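The values are calculated or read from the model by the stated rules, or taken from the named source; none is laboratory data. Predicted model only: the values in this text are computed from it and were never measured. Cβ sites come from the backbone with ideal geometry, for glycine too, and all protein chains shown count toward neighbours.
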Amino acid sequence: MTTAVHLSQSLLADARRDEASLRDFIFSLPGVDKVGLEARAAALGTRSIKNDSKRALIDLAIRMVDLTTLEGADTPGKVAALCAKAITPDPLDSSVPQVAAVCVYGDRVAEARAALGSSRINVAAVATAFPSGRASLIVKLQDTADAVAAGADEIDMVIDRGAFLSGRYGQVYDEIVAVKAACGSAHLKVILETGELQTYDNIKRASWIAMLAGADFIKTSTGKVPSAATPANVLLMLEACRDWERVTGERIGMKPAGGIRTTKDAMKMLVLVHETVGDAWLDPHLFRIGASTLLNDLLMQRNKLASGNYSGPRYVTND
Amino acid sequence: MTDRVEVRKTYKLFINGAFVRSESGRSYEVMDGDGAFLANVAHASRKDARDAVVAARAGQAAWAKATAYNRGQVIFRVAEVMESRRAQFEEELRRTEKLSDKKARKAVDEAIDRVVWYAGWTDKLAALVGGNNPVAAPFFNFSVPEPTGVIAVMAPQDDSLLGLLSVILPAIATGNSVVVVSSFHRPIPSVTLSEVLATSDVPAGVVNILTGDFSEIGTWLAEHMDVDGIDLAGVPAGDFATKLEALAASNLKRVIRPSTQDWSDTPSTYRMRQWIEIKTVWHPIGA
Amino acid sequence: MTEFDYAPAPESRAVVDIKPSYGLFIDGEFVDPISDDYLPTFNPANEEHLAYFAVGGEADVDAAVRAARRAFPKWSKMSGAERGKYLFRIARILQERAREFAVLETLDNGKPIKESRDIDIPLVAAHFFYHAGWADKLEFAGYGKNPKPIGVAGQVIPWNFPMLMLAWKVAPALACGNTVVLKPAETTPLTALLFAEVCQQAGLPKGVVNIVTGAGATGASLVAHAGVDKVAFTGSTAVGKSIAQAVAGTKKRLTLELGGKGANIIFEDAPIDQAIEGIINGIFFNQGHVCCAGSRLLIQESVADEVIERLKHRMQTLRVGDPMDKNTDVGAINSLAQLQRITELAASGDEEGAERWSVDCALPERGFWYRPTLFLNSTDAHRIAREEIFGPVLAVQTFRTPSEALDKANNSPYGLSAGVWSEKGSRIHLMAEGLRAGVVWANTFNRFDPTSPFGGYKESGYGREGGVAGLASYLVQE
C-alpha cells in the first residue's frame, strides 16, 4: 500500500538516500483531488477582512513584497528606480513600511545592492538560467555564485522541469542541493514553475523534493508562465510547508509569485497562510509575495482606508 | 417645418460577437413584401465565411465547457432581450413577410417561446440520451452526450425568425457553435437577432450570422474541413442540396437534410440529437 | 509574527423588512387565520424575537386546500410553456432578491450567511430554473405520451433548509401541473412567507401556491385533509412513519425524505487534505442539521491516527459564532429543543464510553450553540453511531477492509447518503455499488444539484426529488 504515510524524520532521511528512495517517497504522498483543493481555496477566498485588520494586513503585505523586475530590458536606471521605490514606497507618507526585497537578474545585483545602500532591504537574484532552467549545472552554479558574489542575500532558483517531468527526480534534488551549497549564507528560494508542472500531484511532489533538498523557501513560479500563484497552488504548497513543520519542527518559507496584482489577491494569500500554516508564517522571513504592480495597488488601498476615498494610479509613483 | 430625416441602420454581418461589413465590400438590396426597397444588407463572401468558422471554433470550446445550467441561463436571457425588442421584430415581420399585426405578434410569441423551450433543454438532454448501460461484466459503463463542434446552418428561407431560431437553438443548446447563413430575401430579422445576441450573454463566436446567398456560402461551408456538421434546412431539396451533402462527406460532416416542415410545431429532439456525439466510458468495479 | 484578525464582517440586515406579524397565504392573498392563533419566531443566534406568524387550524388548512383545488383545473390545463414561464419568472425574482432571502434565512434559521448566500439561495433559484424547463417537456421525460399531474399536493417541510426544501417541493409540483399547500416548519416560517410575495410579484394565478404556517398539528391536518391528492414530507423518520400510516387506505400518493446516519468512509489512499475538508463539510455544514450529513466517520485503521490528528487541527480553525458574519463557518443551533436533543444524545456518548473531543472556542452568551464535537472510539452499538443527532457531532469508527466498511456503513435502518474517499476509481465504484444509500458522494460530500435525484433507501424514505426521477413524484404513475 503506497499512501498510508505516517511521515517521520526517519522516513525523510530514507527519502534522501538515493533516487529510488526519493521516488518511492514522493509517490507515497497522498494524492490531491483537484476539485476539492480548488473548492477549499475558493471558499477561503470569500473571507472578508475589515477596517483595522485590513490596514494592518496591507502594511504586512507591503513588508512581504519582493519588488521585482525581471525583463530583458532592465537597465541600471530601472533598477535604481525600483530600489528607490522599495525604500520609499510612498514619498508622501513615511508611515508606509519598506518592502522585503528587490528581485532582479544576477547581473543587476551589484547595482541594486548599491542603490539600496544602508537600508535593510534584501537583494534577491534569480539564478540557474532563470526562467527556463535550460543550462548545464556548471552554468547554473556559476550563475548562482556570481549573484552571491555581487551581494545577493537571496537566490531564487528554478528547478529543472524537464528532469522532473521525465521522472529524473534525483537530478532535480541533486541540483537543488548543489545550488544550496553555492548559495553559502544566501537564502535559497526554489521555484517550481507550477504552470509547467501542470498537475497538483506534481506540484506537491516537487514541493517535497525542494524541502528535502534544503530549500529555505518554496516558490510557485517565475511569473513567465500562466497558472502561477493561484489560490489552489498556494494552498497546496502551504499544506506541504505545514506538514513539513509537523514532522521536522522546521519552518520552510513560501513565496507565491506571478499573477498577484491586487490588494484583494494579496489578502487572499494572507488568509491562506492564516488558515493553513498559521500566523507564524505571517512574517517576511517566512512569507513573501513576488510582484511588481501589486505594491501600487496596496498603496492605493492604504490611501483609501486612510482617506475614505478611492485613490487612482496617478497618485502613486510608477516604480 | 421640415420632416426630420431619419437615421438608417447599416445591416452588417455578425462574426465573433462583432458587427462587421463584408470583407468583400459587397452588399445587396433587400425588398419588403411589396417589392419596395427596404435596406442594403452585407453580402457575405468566402473570406467572411472563413472568418466566421474561425470564430465559431474559437468560441466553441468554452461554450461546451460552460455548465449546462449556465448555457440554459444564457439562452433564457436571449428570450428576455427578444421580449424587450418584440415591437421591432413584429414590424420587420409585417414588412418582410407581409404578416398581419395579429400574425406578426403570434410569430414573435412563438419565436420567444421557442427560445425558452431550448433554454430548458440544456440541462436535461443528457439524462434522456445518456445514462448507465448495464453491461454483462464488472464495469460501470455510462454514456454521455458531447457537442459535435462547429455547425454550419442554412436557415429557412421563408420563416425568417421562428425558422431561424429553430435551427440555431438546437445546435447551441447542446454546446455547439454555429455559422448561420440567414434567409437571402428575408435577412432583416436575422440582423436584429444578432443585435439581441450581442446584448445578451452569448459569448462571442458561439453564434455567427452571415447574410448572403446560401448557394455560394453553402458550398464553401460544406467543403470546409473545420466544420463538423451542416443543417440544410433552408436549401430546397434537389441537386444543390445533394451537392452540399456530398461535399459535406469530405470530412464526414453530420448532415441534416432539407425538409419541408412547419416551424410552428413543437420540435422533436432530432436536431439536438443530430449535433451531439455519444461518448461511452467503461470503468472497472472492484476493491 | 502578526496577529491575524478578520474583524467582524456583518452582512447588512437592512435588506430585509420583517413585519410584526404574518397571516396565511391562501388563494393569492395574505389572510388572517380563522384559528386566530399565532406563534413567535426567533433568531436562534441571539433569541431576538423576529415576528409572529399565524398557526393554521383545520379550517385554515381546509380553506387552503379548497383554494388549491379551485386553481388546479386551470393550472393543470394551461400549456406547459405558459406554466414554465411563471416558474422562470419566479426563478428570476429569486435571483434578483437573493440577498434578501439569504439574510432572512440566516436570521430565522441561524445558518451562516456564507451558506445561505452561496449555497441555499442559489440552489433554490437553480431548482426553479430547472423545473421551469420541464414544464413544456414532460412528454419527453419517459412517463408516457401525456403525463398527468396528481392534483393538490400537501407539502410539509423542515427547518434545516427552509427555502431549499420549499424549492424542492414547490418547483417540481408546479412544473408538472399540480397546485400546492405548503406547511413550513414552525421555527423557520419567514422565507416561505417572503416566497409568497414572490408568487404575487410573478403574477402566479391565485391558489396555485398556498402557504399555511403552523406547527405539527397544522401539518397533520394538511396530511389528513381529504382534498389532498399527494403528500410530500421532509423531516424525521418517526413523523414520516406516522404519515405513512395516516395515508394508508386513501388514494393519496406519498413521498418521504427522512432522516439519515450517513457514513463517510476514508480509505488509506484518500486525497487526505481534501478528505479532511469533506469530513468537515459532511458534518459541520449547516451545523450538522442535514438529513444526509456524514455523521458517521469510518476511517481505515492504517490512517486513523493521522486522519484524526489532521481533523482536530482543522476543526480548531472553524469559526463558530454570529451567523450574520460573513466569515462564520458554523452558526447557531436552530432551536432550544434541538439543542437539548443534541446535548442529550451526546451525553449518551459519554455514558456509553466513547471519547468526546470538542473544539475549544468561545460561544456567544445568548442564543443556542453547540461546539463542533467528535466522539472517538465509538462503536456500532453506541446510540451516537446509530441515531440521527442532527447537530455538529461526529461519531468516529475504524475499519480494516472495504467489505468491513460496507458492512458498517449499511448497518443502519437509514440509507440516505454515504461518502467514499479514495484515489482508486474501481474501489469507489465497488463501494458505490454496495452502499445501500440514495446518494453516494465520491471524494466530495453534500453536493446538490437540481438535475441530480435525491432521496433515501430504507427508513430514510421513498421517492426522489430532482432530476428526471424526481418528476415521478408529481405525475400520475400507473
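The residues in region A:221-249 that are of a type in the set (Ser, Thr, Tyr), free of Cβ contacts under 8 Å to residues at least 60 places away in the same chain and within 23 Å of residue A:15 (Cβ to Cβ) can be counted, and the count is 0. Checking the stated criteria, residue C:28 turns out to be in contact with a Lys or Arg (Cβ under 7 Å, 6 or more places away or on another chain), under 20 Å from residue C:154 (Cα atoms) and modelled with pLDDT of 95 or more.
For region A:5-39, the tally of residues that are surrounded by fewer than 17 Cβ atoms within 10 Å (Cβ to Cβ) and within 7 Å of chain C (Cβ to nearest Cβ) stands at 2.
In region A:149-163, the residue that is farthest from residue A:206 (Cα to Cα) out of those that are crowded, with 21+ Cβ neighbours inside 10 Å and touching a helix residue (DSSP H, G or I) at 6+ places or on another chain (Cβ under 8 Å) is A:152. Residue B:134 meets the conditions (1) more than 10 Å from chain C (Cβ to nearest Cβ); (2) assigned to a helix (DSSP H, G or I); (3) within 28 Å of residue B:145 (Cα to Cα) in every case but one. The failed one is (2).
Among all residue pairs at least 6 apart or on different chains, which show Cβ distances below 7 Å where the first residue, located in region B:111-124, is facing another protein chain (nearest Cβ under 7 Å) and the second is of a type in the set (Val, Ile, Thr) and part of a helix (DSSP H, G or I)? Filtered contacts from region B:111-124: B:119/B:75.
In region C:119-128 there is at least one residue matching the filter, namely being within 9 Å of another protein chain (Cβ to nearest Cβ) and either aliphatic (A, V, I, L, M) or in contact with a helix residue (DSSP H, G or I) (Cβ under 6 Å, 6 or more places away or on another chain) (or both).
One residue alone among C:422, C:412 is more than 12 Å from every other protein chain (Cβ to nearest Cβ), touching a residue at least 24 places away in the same chain (Cβ under 8 Å) and of a type outside the set (Lys, Arg), and that residue is C:412. Checking each residue in region A:155-176 for being closer than 25 Å to residue A:108 by Cβ and in contact (Cβ under 8 Å) with a residue 60 or more places away in the chain picks out A:156, A:158.
Picking from residues in region B:95-110 that are assigned to a helix (DSSP H, G or I) and touching a residue at least 60 places away in the same chain (Cβ under 8 Å), the one that is farthest from residue B:278 (Cα to Cα) is B:95. Checked against the criterion of being within 20 Å of the chain's Cα centre (by Cα) and touching a residue at least 24 places away in the same chain (Cβ under 8 Å), region C:196-207 has at least one qualifying residue.
Just checking, does region C:84-102 include any residue being surrounded by 24 or more Cβ atoms within 10 Å (Cβ to Cβ) and over 23 Å from the mean Cα position of the chain (by Cα)? Looking for residues that are surrounded by 24 or more Cβ atoms within 10 Å (Cβ to Cβ) and over 23 Å from the mean Cα position of the chain (by Cα), one finds at least one in region C:84-102, hence yes. Could you tell me whether region A:257-267 includes any residue that is part of a strand (DSSP E or B), in contact with a Pro (Cβ under 9 Å, 6 or more places away or on another chain) and at pLDDT 95 or above? For region A:257-267, residues part of a strand (DSSP E or B), in contact with a Pro (Cβ under 9 Å, 6 or more places away or on another chain) and at pLDDT 95 or above: absent.
Quick one: is residue C:432 closer than 27 Å to residue C:318 by Cβ and not in a loop (DSSP other than H, G, I, E, B)? It is false that residue C:432 is closer than 27 Å to residue C:318 by Cβ and not in a loop (DSSP other than H, G, I, E, B). Residue count for region A:239-256, restricted to those that are in a helix (DSSP H, G or I) and closer than 16 Å to residue A:60 by Cβ: 0. How many of the residues in region B:63-94 are in a loop (DSSP other than H, G, I, E, B) and either within 13 Å of another protein chain (Cβ to nearest Cβ) or in contact with a Leu (Cβ under 7 Å, 6 or more places away or on another chain) (or both)? Residues flagged as in a loop (DSSP other than H, G, I, E, B) and either within 13 Å of another protein chain (Cβ to nearest Cβ) or in contact with a Leu (Cβ under 7 Å, 6 or more places away or on another chain) (or both) within region B:63-94 amount to 1. Condition check for residue A:259 on (1) surrounded by 22 or more Cβ atoms within 10 Å (Cβ to Cβ); (2) touching a Ser or Thr at 6+ places or on another chain (Cβ under 8 Å): one failure, at (1). Checking every residue in region C:36-53 against the condition of being within 14 Å of chain A (Cβ to nearest Cβ), in a loop (DSSP other than H, G, I, E, B), in contact (Cβ under 8 Å) with a residue 12 or more places away in the chain and loosely packed, with under 13 Cβ neighbours inside 10 Å gives zero matches.
Conditions tested, residue by residue: (1) surrounded by fewer than 17 Cβ atoms within 10 Å (Cβ to Cβ); (2) not aliphatic (A, V, I, L, M).
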| position | (1), (2) |
| --- | --- |
| C:201 | yes, yes |
| C:210 | no, yes |
| C:217 | yes, no |
| C:228 | no, no |
| C:237 | no, yes |
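Considering every residue within region B:242-252, establish whether at least one is in contact (Cβ under 8 Å) with a residue 40 or more places away in the chain and either under 20 Å from residue B:76 (Cβ atoms) or surrounded by fewer than 24 Cβ atoms within 10 Å (Cβ to Cβ) (or both). No. For region C:425-439, the tally of residues that are within 12 Å of chain B (Cβ to nearest Cβ) and hydrophobic (A, V, I, L, M, F, W, C) stands at 4.
Residues are listed down the side, and each one gets a yes or a no for (1) facing chain A (nearest Cβ under 9 Å); (2) in a helix (DSSP H, G or I); (3) at pLDDT 95 or above:
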{"position": "C:259", "(1), (2), (3)": "no, no, yes"}
{"position": "C:275", "(1), (2), (3)": "yes, yes, yes"}
{"position": "C:282", "(1), (2), (3)": "no, yes, yes"}
{"position": "C:292", "(1), (2), (3)": "no, no, yes"}
{"position": "C:299", "(1), (2), (3)": "no, no, yes"}
{"position": "C:304", "(1), (2), (3)": "no, yes, yes"}
{"position": "C:309", "(1), (2), (3)": "yes, yes, yes"}
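Restrict the check to region C:18-32 and report whether at least one residue is free of Cβ contacts under 8 Å to residues at least 40 places away in the same chain, assigned to a loop (DSSP other than H, G, I, E, B), more than 14 Å from chain A (Cβ to nearest Cβ) and over 27 Å from the mean Cα position of the chain (by Cα). Looking through region C:18-32, at least one residue is free of Cβ contacts under 8 Å to residues at least 40 places away in the same chain, assigned to a loop (DSSP other than H, G, I, E, B), more than 14 Å from chain A (Cβ to nearest Cβ) and over 27 Å from the mean Cα position of the chain (by Cα).
In the set (1) assigned to a helix (DSSP H, G or I); (2) within 14 Å of chain C (Cβ to nearest Cβ); (3) over 23 Å from the mean Cα position of the chain (by Cα); (4) over 21 Å from residue A:239 (Cα atoms), the condition left unmet by residue A:48 is number (1).
Residue B:204: part of a loop (DSSP other than H, G, I, E, B), within 18 Å of residue B:72 (Cα to Cα) and touching a residue at least 40 places away in the same chain (Cβ under 8 Å), yes or no? Yes. For residue A:42, state whether it is in contact with a strand residue (DSSP E or B) (Cβ under 8 Å, 6 or more places away or on another chain), within 14 Å of chain C (Cβ to nearest Cβ) and within 26 Å of residue A:191 (Cβ to Cβ). When the stated conditions are applied, residue A:42 does not pass them.
Kindly check whether there is at least one residue in region A:284-299 that is over 19 Å from residue A:100 (Cβ atoms), in contact (Cβ under 8 Å) with a residue 12 or more places away in the chain and out of contact with any strand residue (DSSP E or B) (no Cβ under 7 Å at 6 or more places or on another chain). Within region A:284-299, none of the residues are over 19 Å from residue A:100 (Cβ atoms), in contact (Cβ under 8 Å) with a residue 12 or more places away in the chain and out of contact with any strand residue (DSSP E or B) (no Cβ under 7 Å at 6 or more places or on another chain).
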